[in-house]
Amino acid sequence: MEKRCECCKRRFIPHPAVRHQEYCSDPECQKARKRKWQKEKLASDSDYRANQAEAQRQWRSRNRDYWRRYRRRNPTYTEGNRIRQRERNRRRRLGSGIAKMDELSGKNVITSGRYRLVPLCNSGIAKMDELIVELGVISRGCAIGEQGS
């Protein structure tokens with residue numbers, strides 16, 4: 001029975017010994033399968049994550065000048081990185097340090113006072129711990145249940 005490869009979407013005949021084969025034998029598809037497995041393993045297995053971190057530390061200690069040689073061999077990478085860093089530095093100097101595209105750039109649209117926070121539906125938010133709130137100004141002297149303007 002044919003299956004469709006998760007990576008390239010082409011049809012393939014799975015190997016009889018591999019029960020739940022989802023990827024064809026194409027080398028690029030196998031690389032994608034391995035990347036997916038490693039990502040899941042890093043997320044779920046703290047021992048594997050610690051072993052990978054230790055292996056990376058050991059590699060860096062054996063190859064201390066890797067990045068120096070890489071930058072020497074790849075001047076276009078180095079120059080592009082310099083340009084991008086200058087732009088990041090320029091934005092950091094001009095901005096308030098907030099990394100949001102929709103920053104209000106210094107405008108104070110909310111006046112000081114008391115506010116009521118009302119949770120709204122949070123569907124469509126990328127962050128799981130994000131909470132959208134509605135800010136309604138409560139005038140001094142108003143009852144808690146009434147909203148001023």
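General remarks:
- Among the residues making up segment 12-35, those that are among the charged types (D, E, K, R) and touching a residue at least 12 places away in the same chain (Cβ under 8 Å) are GLU22, ASP26, GLU28, ARG33.
- Of the residues GLN52, GLN58, the single one that is assigned by TED's automatic domain parsing to the domain that holds THR78, part of a helix (DSSP H, G or I), in contact with a helix residue (DSSP H, G or I) (Cβ under 9 Å, 6 or more places away or on another chain) and under 27 Å from ASN81 (Cβ atoms) is GLN52.
The values are calculated or read from the model by the stated rules, or taken from the named source; none is laboratory data. Computed from a predicted structure; not experimentally measured. Every residue, glycine among them, receives a Cβ derived from its backbone with ideal geometry; neighbour counts consider all protein chains shown.
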